[in-house]
Every structure is written in C-alpha cells, then in structure tokens.
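Before I ask anything, here is the structure I am working with.
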Protein chains: 2
Amino acid sequence: MSKTSGNKTLPIIHQRAEVARSKIFRIESLDLEFTNGATRQYERMAGSGRGAVMMVPFADDNHILLVREYAAGTHSYELGFPKGLIDPGETPEHAANRELQEEVGYASDNLTFLHKVQMAPTFFNSSMHIFIAQDLFPQQLEGDEPEPLEVVSWPVEQLDLLLSQPDFTEARSVAALLLVERWLRSK
Amino acid sequence: MSKTSGNKTLPIIHQRAEVARSKIFRIESLDLEFTNGATRQYERMAGSGRGAVMMVPFADDNHILLVREYAAGTHSYELGFPKGLIDPGETPEHAANRELQEEVGYASDNLTFLHKVQMAPTFFNSSMHIFIAQDLFPQQLEGDEPEPLEVVSWPVEQLDLLLSQPDFTEARSVAALLLVERWLRSK
C-alpha cells in the first residue's frame, strides 16, 4: 500500500541502512523508488527525534534578549535567540523554560507559541518550536555550557537592525525575528 | 596567538579529527579549550564549503513560484522555494539561475540578492544566499531530480497564508517568505 504525503504518493523505501555513526550523529542510506519508477540512493541524518526550542524573551515591553554563543560548525561566536534540545520526556514548553533559565537566567509563566519550523527536511528530521517568553522573573539553572553565554539586550524599536549584524546569521533566528515583528504588528 | 570572532577570543582547537564519513557527510570531532580554561569535545559536520542558493521567483508582479519536492529527512513532500547547492567554481548568482532553470524551467536576468543565512552554525558550516528572481523567461535545463518537481504558483496577496500550510515548514523558506514580504513593503 502506498503511503501519501498531502495528496502525493511517497517513494517506497526498499532498504534503509546505517552507514556512519559518531557520538551525536547517525547517517542513514535510503534506497528509494519513486512513483515514476525512478530509483535513487539518498543519505540523510537519522534524527534523535528530540526536536528543539527557541525563545524570544521580552526583558520588558521594549527589549528582547539574545545570546552570543560559540558555534563549532562555523568556529565563530554567533548572535541569536536562546535555543536548545528538548530532553526525552519533556514538553516543548518545559524545554523552553528550562533553556531560558540555563542560558539567560530567567523563567517565564507566559509563553506564547509562535511557529514550528524544520531545519532542513531534505537531510534532517529536526523540528524547532519557537516561543515568545514574557513576564520574565530571575531564576537560574545550571546548564552544561563551557562558559556563561553573553546575554545581549536589544531594543524592540531596532529589531530590524539585527538583520544587518554580521554575527546574526542563523536562519531560524532570522525566521523567529521576522515572526516576532509580524506578531508585534498584529497586536 | 588567539583568534577572535567579533570582539570575543575564540576557543583554541587543540585537535581536529574526522570520526565518521559517508558519501555526502563528513563528521569531525574538535577538542576545544575556551578562554576560561574549560575544555569540550564537540562534533560538527565538516562542510563541503559549497554553500547553497534559494530563489523566490516572481512569475509576474502578483504571483510567486514554489516547488513541492520529496524530502528524505522527513520522508514527506515539502512545499518551499526552489533551492540547490552551488557547484564548485560557480557564483551564487549563476547557481541561482541554473537551479531555477532545472527546477522550474525559467531563467532570469534580474536577480536581487536578499539575504544570506546559515543553516545551523552550531553543527554546520552551511550558508544559503537568498535571491528574488524577476522578469522570468522560459528556459529549461535538465537536472538530476528523480521526478519533475511540482511547480506551485502562489498569489502575492496571500503570501501570509503560506505560513499556515502544513507542508511549508523549512526555516529557510519561512525566512525567505518573510524577507520578501518585508522587501515588498519597502517598495
């Protein structure tokens, strides 16, 4: 029986094999047959299935908080919204609040779900729930970061300026920023 | 001599080793020492260094074009803007025009660079140049897709509706959409 995605019939996975593995990555090879008979062997990252969260915290009505953190992929310090992986058994909301406390030292009882995005569905099964966090109160949790993250306060009136910062580059932070601007316009 | 990123001193990479490899992925392990003395072993994807492009093509002033394409990572058909990797020796603009011809059968002499994003700098060195493509004219190139991509025309007046489509999920397509809306508002 064919499986469908929307109204399109998915290719058949004839074989699935793990081809490489490291401490945190697992790579699979898929032997696919498309509905037109074409066959391909595609590689993809096998997901941990954990998902991630990203938070846009409002320090007050006029300021949001970002973090500057070392990024190994680009070997650079990157400016972006606090984010983290969802722990096994945790809800996205719980993960958002936990990461907020670990990364910026604040908690929130007022989380607004904004949007859910995929990092890059061609190669990964890696979703991210984006939240707005308001009514912050100081509460610090110990995280496993090697060094304290630099917390950066940014005026809401100048959100657009973030787009021209050379270290504000991650697509998910850009999407979150523009979604927050859209949310602010709708209020 | 310490290297810096912005005004922050980068961690020292004491060792760098390839720990796993597949046909298209290479995983590295880095032994890092941060300026506060903390040490960590981080894994990251070693980039091909190729970079990628994404295009928001305007079929006319009132319609943009998207593609619906199989995504192996999520084993689903995903709706998004045409995109592709930059070939060795190719400029981003050339890649954008080539992928446009391969994926939607149109070329453009009127590309506007919109923004450059990183996919996820924590683990990858994978940039994407986002372009607007206007004044399209029919020109088809053969690509290596297993099946023709479904080309979807979308009214500019209803761009916002894309955000509620269950198969429009990729963060870079969401970012591109919102950046295009911002560009349209500025005109």
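The values are calculated or read from the model by the stated rules, or taken from the named source; none is laboratory data. None of these values were measured; they are calculated from a predicted model. In this analysis, Cβ positions are derived from the backbone assuming ideal geometry, glycine residues included, and neighbour counts consider all displayed protein chains. All accessible areas refer to the heavy atoms of the entire protein, side chains included, with ligands and DNA or RNA removed. Shrake-Rupley method; radii C 1.70, N 1.55, O 1.52, S 1.80 Å.
Looking only at region B:122-142, count every residue that is open to solvent by 10 Å² or more (accessible area, probe 1.4 Å) and under 29 Å from A:VAL117 (Cα atoms) and tell me the total.
Pass one, region B:122-142, residues open to solvent by 10 Å² or more (accessible area, probe 1.4 Å): B:122-127, B:129, B:134-142.
Add one more test, that the residue is under 29 Å from A:VAL117 (Cα atoms), and what stays is B:122-127, B:129, B:134.
Total satisfying the criteria: 8.
Considering only residues that are more than 7 Å from chain A (Cβ to nearest Cβ) and not small (Gly, Ala, Ser), look in region B:14-23 and name the one that is most open to solvent (accessible area, probe 1.4 Å). Reasoning before the result, please.
From region B:14-23, those more than 7 Å from chain A (Cβ to nearest Cβ) are B:14-18; that's our starting set.
Then drop every residue that is not not small (Gly, Ala, Ser), which leaves B:14-16, B:18.
Details: B:HIS14: 114, B:GLN15: 107, B:ARG16: 144, B:GLU18: 87 Å².
The qualifying residue most open to solvent (accessible area, probe 1.4 Å) is B:ARG16.
Out of all the residues in region A:113-121, is one or more free of Cβ contacts under 8 Å to residues at least 60 places away in the same chain, among the aromatic types (Phe, Trp, Tyr) and away from chain B (no Cβ under 14 Å)?
no
Tell me, yes or no, whether region B:84-92 has at least one residue that is open to solvent by less than 40 Å² (accessible area, probe 1.4 Å), touching a His at 6+ places or on another chain (Cβ under 9 Å), modelled with pLDDT of 95 or more and not assigned by TED's automatic domain parsing to the domain that holds B:ALA20. Break it down stepwise before answering.
Kept after step one, since they are open to solvent by less than 40 Å² (accessible area, probe 1.4 Å), are these residues of region B:84-92: B:84, B:86, B:90, B:92.
Now restrict to residues that are touching a His at 6+ places or on another chain (Cβ under 9 Å): B:86, B:92.
When the remaining residues are screened for being modelled with pLDDT of 95 or more, the result is B:86, B:92.
Those still in the list that are not assigned by TED's automatic domain parsing to the domain that holds B:ALA20 too: B:86, B:92.
Yes, some residue in region B:84-92 is open to solvent by less than 40 Å² (accessible area, probe 1.4 Å), touching a His at 6+ places or on another chain (Cβ under 9 Å), modelled with pLDDT of 95 or more and not assigned by TED's automatic domain parsing to the domain that holds B:ALA20.
Taking A:ASP109 as the residue in question, decide whether it is at pLDDT below 95, farther than 30 Å from B:ALA72 by Cα and not assigned by TED's automatic domain parsing to the domain that holds A:ILE27.
Details: at pLDDT below 95: no; farther than 30 Å from B:ALA72 by Cα: yes; not assigned by TED's automatic domain parsing to the domain that holds A:ILE27: yes.
Criteria not met by A:ASP109.
Yes or no: region A:110-121 includes at least one residue that is hydroxyl-bearing (Ser, Thr, Tyr), open to solvent by 20 Å² or more (accessible area, probe 1.4 Å) and over 21 Å from A:ASP60 (Cα atoms).
no
Pull up region A:24-64, narrow it to residues that are modelled with pLDDT of 95 or more, at the interface with another protein chain (Cβ under 7 Å from one of its Cβ atoms) and open to solvent by 70 Å² or more (accessible area, probe 1.4 Å), then point me to the one that is farthest from A:VAL156 (Cα to Cα).
Filtering region A:24-64 for residues that are modelled with pLDDT of 95 or more, at the interface with another protein chain (Cβ under 7 Å from one of its Cβ atoms) and open to solvent by 70 Å² or more (accessible area, probe 1.4 Å), the one farthest from A:VAL156 (Cα to Cα) comes out as A:ASN36.
Okay, next question. Within region B:15-38, track down each residue that is over 30 Å from A:PHE123 (Cα atoms) and either in contact (Cβ under 8 Å) with a residue 24 or more places away in the chain or not in a strand (DSSP E or B) (or both).
Keep residues of region B:15-38 that are over 30 Å from A:PHE123 (Cα atoms), which gives B:33-38.
Listed by number, the residues that qualify are B:PHE34, B:THR35, B:ASN36, B:GLY37, B:ALA38.
Turning to a different aspect of this structure: What tally of residues in region B:66-100 results from selecting those that are touching a Leu at 6+ places or on another chain (Cβ under 7 Å) and within 14 Å of another protein chain (Cβ to nearest Cβ)?
10
Which count do you get for residues in region B:49-63 that are out of contact with any helix residue (DSSP H, G or I) (no Cβ under 7 Å at 6 or more places or on another chain) and either among the polar types (S, T, N, Q) or in a strand (DSSP E or B) (or both)?
4
One line per residue, one yes/no per condition, for (1) of a type in the set (Asp, Glu); (2) facing chain B (nearest Cβ under 10 Å); (3) touching a Lys or Arg at 6+ places or on another chain (Cβ under 9 Å):
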{"site": "A:SER108", "(1), (2), (3)": "no, no, no"}
{"site": "A:HIS129", "(1), (2), (3)": "no, no, yes"}
{"site": "A:LEU141", "(1), (2), (3)": "no, no, yes"}
{"site": "A:LEU163", "(1), (2), (3)": "no, yes, yes"}
{"site": "A:ALA171", "(1), (2), (3)": "no, yes, yes"}
{"site": "A:LEU177", "(1), (2), (3)": "no, yes, no"}
{"site": "A:LEU184", "(1), (2), (3)": "no, no, no"}
